[in-house]
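Laboratory data are not the source of any read-out in this text; all were calculated from the coordinates shown. Since this is a predicted model, take the numbers as computed values, not measurements. Here Cβ is always computed from backbone atoms with ideal geometry, including for glycine, and neighbour counts include all displayed protein chains.
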Amino acid sequence: VFYEVSPHDTCPCRHTRHLEDETIDAPTWMIVYACVVLFIMFAALLMDLLGADSVLLMALTAFMAAEIVDMDEALEGFCNEGLLSVMALFVVADAISKTGALDWYLGKILGSPKTATSAQLRLMIPIAILSAFLNNTPIVVIMIPVVLKWSKQIQVPKQQLLIPLSFATILGGTCTLIGTSTNLVVSGLLKDNY
């Protein structure tokens, strides 16, 4: 049995656009230009010639100048709530670092353990808790000089404290939404798409 379908009938699926309609063939020069800009950008980042923010901004400007990326696409990433939250958490972490409150707090908690295992536990537990409520990247940046100084005081090799510092911040950061920038970005994408 064949059913005749009128062009006015609606499709039961919600998506009416097809992938074939969205394919855009870019000119060869755009592909070559984008590859060259990306190669120069990665080389500049590896050689640490300028700050990462400056290098990425120059690459974005180069893409905008060649009209590979338009203004709306260039500024779309800066409107993400997750990115703005990460920027605010960097400000909070920097303020805590400059006041010296973190040094006092960790000086009281870390104390002077006798063994490397005790030092690792004293370091990892408060850092995991702290990185759950602040972004974990600035916590690591703030804590590296503190841990290096503390390792000399308690005579424990710094290698036995820096890796646990990193792992504790990762663990604490993944426990909450604001603990790591990845969680914030994914949350923003989920909110936008669903």
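Give me the extension gain from residue 129 to residue 67: residue separation times 0.36 nm, minus the current Cα-Cα distance, reported in nm with one decimal. Show your work: numbers first, answer last.
On the way: separation 62, 0.36 × 62 = 22.32 nm, distance 4.58 nm.
That works out to 17.7 nm of additional length.
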Loop-located trypsin sites (Lys or Arg not before Pro) in segment 100-193 whose Cβ has at most 10 other Cβ within 10 Å (DSSP)
114
Looking only at lysines whose Cα falls under 25 Å of residue 108's and that sit 8 or more positions away or on another chain, we get 98, 149, 152, 158
Can you list the HN-Hα couplings for segment 173-186, worked out from phi with the Karplus curve (6.51, -1.76, 1.60; θ = phi - 60°), rounded to whole Hz and with x for Gly and Pro?
x, 7, 7, 10, 5, 8, x, 9, 5, 4, 4, 5, 5, 5
So what is the diffusion coefficient of segment 127-185 in µm² per second by Stokes-Einstein at 4 °C and 1.567 mPa s, using a Kirkwood Rh over Cα pairs?
113 µm²/s
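Using 1/(1 + (r/R0)^6) with R0 = 22 angstrom and r between the beta carbons of residue 35 and residue 78, what's the FRET efficiency to the nearest 0.05? Please list the in-between numbers first.
On the way: r = 25 Å, r/R0 = 1.14.
Plugging the Cβ-Cβ distance into 1/(1 + (r/R0)^6) gives 0.30.
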Column: log10 I(q)/I(0), Debye, Cα scatterers of segment 32-78, q = 0.15 Å⁻¹:
-0.38
